[in-house]
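Student: Have a look at this one before I ask anything.
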Amino acid sequence: MPLSSNYDVIVAGGGPAGSTAAALLAQEGHSVLLAEKSSGPTFKVGESLMPSAYWVLERLGVLDKMRASGYPAKHSVQFYTPEGHPSKPFYFHERDAHESSQTWQVERETFDEMLIENAASRGAEVVRGASVKRFLFEEEQAVGVRLQLAGDQEPRSILGRVVVDATGQSARLSRQLGLHLPSENRRNAAIFTHFENARRDSGIDAGATIIFHTKDGECWFWFIPQPHGRVSVGVVGPLDRLIQGRQGDPQRIFEEELTLCEPLGERLEEATQTMAMRVIRDFSYRSSQLAGNGWVLVGDAYGFIDPIYSTGVFLALKSAEMAADAVHSALEQDDLTGQALGSFAESLGQGLDAFAHLVDAFYDPDFSFGKFLKRYPELQGDLVDMLVGKVFEKPTERLVTALDEMLLSPQSEPAQTLK
């Protein structure tokens, strides 16, 4: 079917954020074009969901597919100190016994395809192999996109009353408008791969995310169970340590860092690597503006937070849900100003800031979850709530204040294993 020349909404990018926004707006009866540059399923990192993603997945109508997917069930997250001491697992259900306290470790190729297919089933027009070359403006009003389709020699102009940028870390619109603000505090890189037959925990802990520090405290590893007996394992550290300071083979660098992480090395002793090492740069950033006249940003196109707490896909889903509601309301009221389209900016910003405080704590050499909960035992529930992703439904000020207090006045006793 040939593309129309005009839509209510054009969504650039068919990842979790774009597919979510497109599905929710299409089911409200708006004409929606979802333009995805890939022609088919592609490998992506970012496999671990937060439990609060449940509510967006429920609204999208895909929970039955998630239950039948074979993705490992994730009930908890656990952290190891640089000394190799494990925290007690943070079990999400101990705070809330609802089904939503269990989530999944997903295979991004199949998960992303499920969401894009869901958007199509709800009425969005999905076009693959379509790259947005530029967002179109008339004065300060976004009016559409220049879209390069596979097989076309020249891009074509497609008009839309609202454009939603869901182009991920490409962040096409914020870069076009000069709004992209990289963080100066944390410039990391990640080297990662997959293994088969790694030693995983049993029972309820079989699908847990586990975070390990290297013994010098400079880097950390993720250990994320995957379908088909695989685990995703990656090391994250300063760019100048992993890449710029050690020119060489990523395989060798990964293996050198692994020697500094004995508890993880033990889990991989009998494992077989199944994928060549991949390298990405994990630079945190945020756009200085969430929305403008006729446009709005969602997911990583707006901002990216360090991946330590697996916030990426959850924030993509949640910000897209918020944006879809704002765009629907703006279209209904014929008010396409930045104020209307970005009406959720304060709520989203408060949630992002709460996660950012927890990230800052993780990277502080004097912080550990064991020491924090020894000093503030009454905040264990609040901490679990944040690890679940409950940063939009309830206040986070008490936990954020305590984190700031501890970072400003750390206690001197060594970190201890939680029993």
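Student: I need the shape label for the chain. Rule: rounded when a/c is under 1.5, else prolate if a/b > b/c, else oblate, with a, b, c from the alpha carbon gyration tensor. Display every interim value, and only then the final one.
Tutor: Numbers: a/c = 1.76, a/b = 1.57, b/c = 1.12.
Prolate, since a/c reaches 1.5 and a/b exceeds b/c.
Student: Let me ask you something else. Excluding same-chain residues fewer than 8 positions from Lys394, which aspartates and glutamates have a Cα within less than 15 Å of its Cα?
Tutor: Asp96, Glu346, Asp353, Asp382, Asp385
Student: Out of residues 5 or more away from Leu181 or on other chains, whose amide H comes under 5 Å of its own, with H placed 1.01 Å from N in the peptide plane?
Tutor: For Leu181, whose amide H was placed from the backbone, the distant partners under 5 Å are Arg286, Ser287, Ser288.
Student: As a footprinting exposure proxy, order Thr42, Thr311 by other Cβ within 10 Å, with the fewest listed first.
Tutor: Ordered from fewest to most neighbouring Cβ atoms within 10 Å, Thr42, Thr311 come out as Thr42, Thr311.
Student: What net charge do the residues around Lys390 carry, taking every other residue with its C-beta under 14 Å from that of Lys390, with Lys and Arg at +1 and Asp and Glu at -1?
Tutor: Result for the neighbourhood of Lys390: -2.
Student: Continuing with this model, one more query. Tell me the angle of helix 16-26 to the major Cα principal axis of the chain, expressed in degrees between 0 and 90 and rounded to the nearest ten.
Tutor: 40 degrees
Student: Rounded, prolate or oblate: pick one for the stretch 104-242, where a ≥ b ≥ c are the square roots of the eigenvalues of its C-alpha gyration tensor, a/c under 1.5 means rounded, and failing that, prolate if a/b is larger than b/c, else oblate.
Tutor: Cα axes put the stretch 104-242 in the oblate bin.
Student: Cβ under 15 Å from Glu138's Cβ, Glu138 left aside: what net charge do those residues give with Lys, Arg +1 and Asp, Glu -1?
Tutor: Result for the neighbourhood of Glu138: +1.
Student: Here's something else I'd like to know. Please arrange Leu49, Leu3 by counting, for each residue, the other beta carbons lying within 10 Å of its beta carbon, fewest first.
Tutor: Leu3, Leu49
Student: Explain nothing, just the number: relative contact order of the chain, from Cα pairs under 8 Å at least 6 residues apart, as a whole percent. Spell out each step's value before the answer.
Tutor: Details: 863 pairs, mean separation 85.5, N = 419.
Relative contact order of the chain: 20 percent.
Student: Counting other C-beta atoms within 10 Å, and keeping those with at most 13, which DSSP coil GluC sites (Glu not before Pro) do you find in the stretch 329-381?
Tutor: In loop regions of the stretch 329-381 (DSSP not H, G, I, E or B), there are no sparsely surrounded GluC sites (Glu not before Pro).
Student: Scan around Phe79 for amide H atoms under 5 Å from its own, H built in the peptide plane at 1.01 Å from N, and keep only partners 5 or more places away or cross-chain.
Tutor: Under 5 Å from the amide H of Phe79 lie the amide H atoms of Ser87, Ile211, each far enough along the sequence or on another chain.
Student: Packing-wise, with mean Cβ within 10 Å as the measure, how do 153-163, 60-70 rank, highest first?
Tutor: 153-163, 60-70
Student: Among rounded, prolate and oblate, which fits the stretch 212-348 when a ≥ b ≥ c are the square roots of the eigenvalues of its C-alpha gyration tensor, a/c under 1.5 means rounded, and a/b larger than b/c means prolate?
Tutor: It comes out prolate by the Cα gyration axes.
Just so you know, all these numbers are worked out from the coordinates, no wet-lab data involved. Keep in mind the model is a prediction, meaning the values are calculated, not measured. All Cβ positions, even for glycine, are placed from backbone atoms using ideal geometry, and neighbour counts span all protein chains on display.
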